[in-house]
Structure formats: C-alpha cells, structure tokens
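Since every read-out is calculated from the coordinates, none of them should be taken as a lab result. Worth saying up front: this structure is predicted, and the values here are computed from it rather than measured. Cβ placement follows ideal geometry from the backbone for every residue including glycine, while neighbour counts extend to all protein chains displayed.
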Amino acid sequence: MNSVAAAHPPLKPEWTLPSRGRVGMFCLIAAESAVFTIFVIAYIFYIGKSVSGPQPNDVLELPVFISICLLSSSITIHLAVRALGKAQMGSFALWWVVTLALGSIFLVGTGREWHHLIYEKGLTINTNLFGTTYYSLVGLHAFHVTVGLLAILAVAIFTLMKKVKPEHHEKVEVFSMYWHFVDAVWVIVFTVVYIVGR
Amino acid sequence: MASEIIAINEFAGGGQSVGEWLHGWVTTVDHKRLGILYILFSVFFLVIGGIEATIMRIQLMVPHNHFVSPEVFNRMFTMHGTTMIFFVAMPVLFGFGTYLIPLMIGARDMAFPRLNALSFWLTAFGGLLLYFSFIGGNGLYGAGNAPDVGWFAYAPLTSRAFSVGHSTDFWTLALLISGIGSIGTAVNFITTIITMRCPGMTLGKMPLLAWMNLVTAGMVILAVSPLTAAQIMLCFDRYLGAHFFDTQAGGSAVLWMHFFWIFGHPEVYILILPSFAFASEIIPVFSRKPIFGYPIMVAATVMIGFISMSVWAHHMFAIGMSSYGNTFFTITSMLISIPTGIKIFNWIGTMWGGKIRFKAPMLFCVAFLFQFLIAGLTGIMLAASPFNWQLTGSYFVVAHFHYVIVGAILFTLFGAFYYWYPKMTGRMYNETLARWHFWLFVIGFHLTFDFMHIPGLLGMPRRIYTYEPGRGWEFWNLLVTIGTFVQGIAVLIFVGNLLWSMFRGPVAGNDPWDAWTLEWSTTSPPPDYNFATIPVVESRRPLWDLKHPEDPDWKYE
C-alpha cells in the first residue's frame, strides 16, 4: 500500500539530503539576524537624537582587548571542532576550554564597561536615547554570548566527564555555527556603536 | 460528555482511561496530534474572535446605539484583530502545515518534533496570556482590563502615560511569546522540507502545498522576528523606562509604525500563501487535471515572498512620507499583483477543460477565486497613494482586508477543512450540511463585506464607537450586521457538521477523493509512523503513477 514505487524509471543516484542540524541552525541564525537588524536600525536611526547627555563620544572607549578575545574564540572553537572530527580528544578539550575562557573574558569586560558607565558616568537605559539604544543593542548581544557560554560550559563539563565522543562532531559543529554568528554580530555592533556612532 | 470522550477515545485509537488519554495529548510530539491541537485551539479562538466581531456589529447596527460602552468597544476591536491574526489565522495554517507537510513529503514526523510541541504550547500560552488580561489587566490601578490600543498598537498609545494598568503588557507579552512559537514552527517547516523528503522527491516534484509553506516559513522568519524585536523594545519602554517610542525624549512614534508594518504586511502574505497552497491542492483534484503551470506557480510564490518584504509602508501613506517614498511603495504594492494574477490564471487554467466535481472543498475554492480577485482589485485601488489618502482609516480599508482574510483565506480554509477532514478523522462529513454552510456563508459574507465598502466611501471612519443618523450610513450598517448573523449561523452549521460527522459520518477510506499526493496513500487517520515503508516517488503525482502504471506522469515531467 505504501510502496508508491510502481514501475520505476531508470535508477537514480543515491538519495542524500542536507543535515537537519545545519539547516535548522541556518534558519535560527536568519531569524536572529532579523532581530539584530531591527536593533541596529534603531541604533543608527537614533544616533545624535538624544535630547540630553551624556553623548557617545563623552563616555565610550574602544573595547579593543575584549573584542580581540571574542573574535579569537571563533578560531579556537574552529580548532576544537576540527580536533573532535579527527578524534584528538585532548586537543579538543584544550581548545574548547580556551574558547570558554575567551568568551568569559569578553562577558566580564562588557560587565566592567557597564559598571563604569552606570556608576561613574551615570548612563542608564532611561537616561537618554543613547542609553536606551546602547544598552539594548549591546545587551542583546551580551545575552547571546551568555547563552552561548552556558552551552560551551555544558559541553566542557561533559568533556571532563568523558561523555563527548567523536560521533558528536556534527552536533558540536552545529553549535559552533551559532558561536561564529555571535562573533560576526559583534563586528557589526562594534562598527555601529564604537565607530559610526561615536 | 462521557460518550463524547469515549468516542474521541476511539478516534485516538486506544482503550485508555481519560487521564492517560489527556496525558497522551498534552505530552505528544507527534506532528498529526500537534496539528490537530493547533486547529482545535484556533477554532476555539475563532469563536471568541467571532463573538467580539458580533458585539461590534450589534453596536454599529443603528445610530446612537449604546449596546456596549466606548471603552468596551475599543477593547473589542483590539482583541478581535489580535485574536484573529495571531491566535486564529496563524495557528490554524500552522496546524494544517504541521499535519500535512510530513505526510505529503513522505516523512514520519517533522525534523524537530519536540520543538514542534514547544512551538504549539508557546502559541497556546500566548493566547491564554492575552485573554488573562480580562482578569489581570487592571493591575493595581483599576484602569481598564483588556488591551484597547488597536491591533497595531501605535505609539504613544502604548506608553505608560496612556496605557496605565497591565493591559498593554499582556498584549505585548502575548505577541512576544507566540511570535517565538511561530519562529520555531517556521524553522521546523523549512528544516523538514529541506531535509526530510522521501527518495525521489526533488524540489521540482514536491507538492505545491509544501512549496508554499516553505516560502511562508521563510517569510515568518524574516517578518515575525522584527515584530519580536519591536515587542522587546516596547517592553523596555514600559518596564525599564527606555525611550524607543517616547517622543518626549526624542524617540519616534513613526519608528514603531515601520517596525510593526515590516511585520504586518508580509504577515498578510504569510496568511494568504498557505491558502493558495490549499487551493493548489484542491482545485486540481476536483478538476481531474494536474496543476497548470507548476514551475510558474512556484516562481510566482517565491516572487510574492520577495516583493511582500518591500511594500510595508503602503500602510503609512497618510503619515507624510516623501513623494519618493510614496511612489516606491505604490509601485512595489502594485507589482505584487503580477505574481498573484499569474496564480489566478493558473488555477483557472487548471479548471479549464477539466471534469469539475463541485463538492464542498471545490465550491469554497471557486468562491475564493472570485472573491480574491475583487479583494485584489480594491487592493490596487488602495495601493495608489492619492486614493489612499482619501480612504485610509475608513471602512473601505476594513472592507478590503476582510475581503482578503475572510473571502480568500477563510474560504480556502473551509475548503481545506472539508478536503482533509476524512484523512484526519477517518470519516466523511455530511455533504448536504456542507452545502448549507457554503451557501449561507457566501450570502452572509457578501452581505457584510460588499456593503461595508459603501459607508467607507461615504466617509465612515473605522473604529468609531457610534455615529449620527442622516449621513446615509444607517442602511448599509444594518445590512452589514445582518450579514454577520448569517455568517454566524453558517459557522455553527460547519462546527456542528464536523462534530456530528466525527461520530456518525460514514467511514471514508484511505483515498475518498481519488487524489494524487502521498497523504492519501496511508490509512485514515494515518498511523503514528505515517508510512510503514518510506515511499519512493518519481513524479509530482505519485498516486497517479500507482493507479495508472500504464501511463505514469514521470514519462512526461
């Protein structure tokens, strides 16, 4: 009843389709990109429209060090995924923990920057339009970094428990796509907030 | 009640206790059960949204009426719009997609079954949250209960100063949560269609329903995400004192309009494309011909998807954009009539020379063709910005978009209900009652929405609470309200027919329509695993090949 294959035409090559995880992650990244686009548009639209201070060039400093850390974590996670593919578990664990450390440095750096802005410069989300758009956009990105770090931490714990095997390569790789996306978004946020907006 | 539960129990195929039965439905990750949950959820909210519409129409039936207070009237139109778009139209279309896509592409479930369940429950709880506002919206202020800011909730109406209490918070949180559910469903649709097709089903051999849902899902991802972002901003404004839409602090009310309509206009096509999908499955089967111009249909669908992303500001002609902006959005809005026109010609081309069977699903699709054409014509009128300046915010606009949403979307949905009912329940609906439903609904629909254009042209603004006699609006408003009741009776017949047929309808068999897509090759209702062996297809009409081995389609495609 179910074999719909009645009289077959000549045999076709083997039937392969893309991996579910990758396609699903691409879709998620597309949706997240749309969300970030709206926040970036709002940021750019409101540049220079604050009716009171502080203004961006009064208070913002280029977060060079933490940006280097975050962008390098894309390289280390790639090295980790490649090591897992080759079943080099020691190398995987090393690069994975380095990624965790680099991501954490970024998050701590953002936290210190916010502390400085709030307690020393008196800029909060309801101070002016700059505060509103700055904390929303940078905060949305930091939220994504936090989610990514929690996932990296979970995999790190499983790695220490010897639960991560080379057959998990694809899942880890799909997650790394998310991490690369978060890093790419930082390039845009950095450009818009610290270069264009200053 | 007890006999009903037992009968549903049989339908679910087990002899379990009520507790087990309920547990099975609540914890299910099966795409067929989730599809049915989506559909039942939507029908429930359809009745609620319908009651809200009826309250508005009774209020407007005669001049100087005081059936409800102005405050209640504002809540009714806000809740009617929000409910019908977010908790009726989207979930019911997702429900059919969730149910049908895996069956049509020869898969055993969706790509991410648990995400599927999560998406449904997020939508369901979003709906409950919206309606909880009737109880919880007062907050500590005693100010208003349900949201009353209109379904597009323009700033600064939504700011704390103008919306005290929690009604707007319930509105924004409900849409935020159900929006995340919609994005989850869209991710699932795309992944399922890209990665789960059965052997031989290349993209060019996929049923049009799957194609159109693929494009719809892409639009959901690109259009609902901005709405989610805008709702986050609105939450920040209301809870953290941010200034996104606060004009006092330099914020922009127009920015909210842009963000809302970047979602809002593609949303119309998110709703209409699955309706096109139903028509594209039903019309060929009931005309006994394959769909005319399959590749053009696909191309037109993708074109609609693209163009619909660049038409949003035609909702904003009256806010004072530059003449370049007005011209751009007039042109793009008119462009979209090209692919939709192509589709109408293709459906007519499919019917041309066919052996048409006028069963209920086909009747609804034929009515859809006529009504969608008229809705498209008033759409072209409104797309011309000078004409729009005259009629924006009038009942002409209300009549236009209800002509699309009821005359096109709801009509094809009724067709889809009747067409797939035997597959979902295993039983046939009652054709006589379905015809009563059809004719009453056609009469009621035209009474309401044809005549709604006229007070609009005569200058009646939308959302007014009441009006004075002597403006020439009374007669038309009375007709419109009478039509509402005729439609209500028709919907009651529809619901009654489906309920009655579930227990008493004749057993349908696997393939009552002599159809051609894969869902008809398995039992009705399908088993948990859908297909005992994964099918292999060679053409767009695999069941035709099976039934006509001497003249299969793959020889010609």
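Things worth noting here:
- Put in order of Cβ neighbour count within 10 Å, fewest first, the listed residues B:Cys235, B:Cys198, B:Cys365 become B:Cys235, B:Cys198, B:Cys365.
- Selection of trypsin sites (Lys or Arg not before Pro), segment A:30-108, meeting DSSP coil and at most 16 other Cβ within 10 Å: A:Lys49, A:Lys86
- Sites matching trypsin sites (Lys or Arg not before Pro) across segment B:412-465 that sit in DSSP coil, with at most 13 neighbouring C-beta atoms within 10 Å: B:Arg463
- Under a model in which nothing but the beta-carbon of Lys, Arg (+1) and Asp, Glu (-1) is charged, segment A:59-196 shows a dipole of about 420 debye around its Cα centre.
- Chain B, relative contact order in percent, only Cα pairs under 8 angstrom and at least six apart counted: 15 percent
- Estimated FRET transfer efficiency (B:Cys235, A:Lys49; beta-carbon r; R0 25 Å; 0.05): 0.75
- Fluctuation leader among A:Glu120, A:Glu14, A:Glu170 - chain A, Gaussian network, Cα springs under 10 angstrom: A:Glu14
- Convex hull of alpha carbon positions in the protein assembly as shown: directionally averaged projected area 35.3 nm².
- Theoretical FRET efficiency, 1/(1+(r/R0)^6), r = Cβ-Cβ of B:Arg114 and B:Phe475, R0 60 Å, to 0.05: 0.60
- Taking amide hydrogens as placed 1.01 Å from N in the peptide plane, the amide H of B:Arg427 sits under 5 Å from those of B:Ala508, each at least 5 positions away in sequence or on another chain.
- With the convex hull constructed from alpha-carbon coordinates only, chain B shows a mean projected area of 25.9 nm² over all directions.
- Segment B:480-509 and segment B:153-202: distance between their alpha carbon centers, rounded to Å: 30 Å
- Placed amide H near B:Ser394: partners under 5 Å, 5+ positions off or other chain: B:Arg462
- Over 20 Å between alpha carbons, listed pairs B:Lys289/B:Lys555; B:Lys359/B:Lys547; B:Lys289/B:Lys343; B:Lys205/B:Lys355; B:Lys205/B:Lys547: B:Lys359/B:Lys547; B:Lys205/B:Lys355
- Positive minus negative residues near B:Gly353 (Lys, Arg vs Asp, Glu; Cβ under 11 Å): +3
- Highest-MSF residue in chain A out of A:Val81, A:Val182, A:Val64 [GNM, Cα springs under 10 Å]: A:Val64
- Take each residue of peptide A:16-29, count the partner chain Cβ atoms within 10 Å of its Cβ, and average: the result is 5.
- Listed by Cβ neighbour count within 10 Å, with the fewest neighbours leading, A:Ser52, A:Ser91, A:Ser74 appear as A:Ser52, A:Ser91, A:Ser74.
- Pairwise Lys count, segment A:59-196 - Cα closer than 21 Å, eight or more residues apart or different chains: 6
- Rounded FRET efficiency, nearest 0.05, which uses the C-beta distance separating B:Ser323 from A:Leu62 and R0 of 45 Å: 0.60
- Here the Karplus relation 6.51 cos²θ - 1.76 cosθ + 1.60, evaluated at θ = phi - 60°, turns the backbone of segment B:59-65 into coupling constants of 4, 8, 4, 10, x, 6, 7 Hz, with x for every Gly and Pro.
- Using alpha-carbon coordinates, inclination of helix B:360-383 to the longest axis of chain B, degrees: 40 degrees
- Compared with the alpha-carbon gap, the fully stretched path from B:Arg463 to B:Ile338 is longer by 41.8 nm at 0.36 nm per residue.
- Going from the fewest other Cβ atoms within 10 Å to the most, the residues A:Thr110, B:Thr448, B:Thr432 appear in the order B:Thr432, A:Thr110, B:Thr448.
- In segment B:45-152, the trypsin sites (Lys or Arg not before Pro) that fall in loop regions by DSSP, at most 13 other Cβ within 10 Å: none
- Relative contact order (%) - segment A:31-126, alpha-carbon pairs under 8 angstrom, separation at least six: 26 percent
- Residue-by-residue Karplus 3J(HN,Hα) for segment B:464-477, coefficients 6.51, -1.76, 1.60, Hz, glycine and proline x: 6, 7, 7, 8, 8, x, x, 9, x, 9, 4, 4, 5, 5
- Over chain B, DSSP H runs of length four or greater, each weighted -39,500 (n - 2.57), average out per residue to a 222 nm ellipticity of -21500 deg cm²/dmol.
- Our coupling estimate for segment B:116-126, obtained by passing each phi through the Karplus curve with A = 6.51, B = -1.76, C = 1.60 and θ = phi - 60°, is 4, 5, 4, 4, 4, 5, 4, 4, 4, 6, x Hz, Gly and Pro reported as x.
- Lysines whose Cα lies under 16 Å from that of B:Lys32, excluding same-chain neighbours fewer than 8 positions away: B:Lys423
- Per residue, chain A reaches -23500 deg cm²/dmol at 222 nm when only DSSP H runs of four or more residues are counted, each adding -39500 (n - 2.57).
- Cα pair count fraction exceeding 14 Å, expressed as % - segment B:498-544: 57 percent
- Segment B:205-242 and segment B:443-459: distance between their alpha carbon centers, rounded to Å: 32 Å
- The modelled label-to-label distance between B:Lys547 and B:Thr523, using points 7 Å beyond Cα along the C-beta direction, is 2.2 nm.
- Percentage relative contact order, chain A, counting C-alpha pairs under 8 Å, at least six apart: 32 percent
- Dipole of chain B [Lys/Arg +1, Asp/Glu -1 at C-beta], most positive-end residue of B:Gly483, B:Trp520, B:Ser287: B:Ser287
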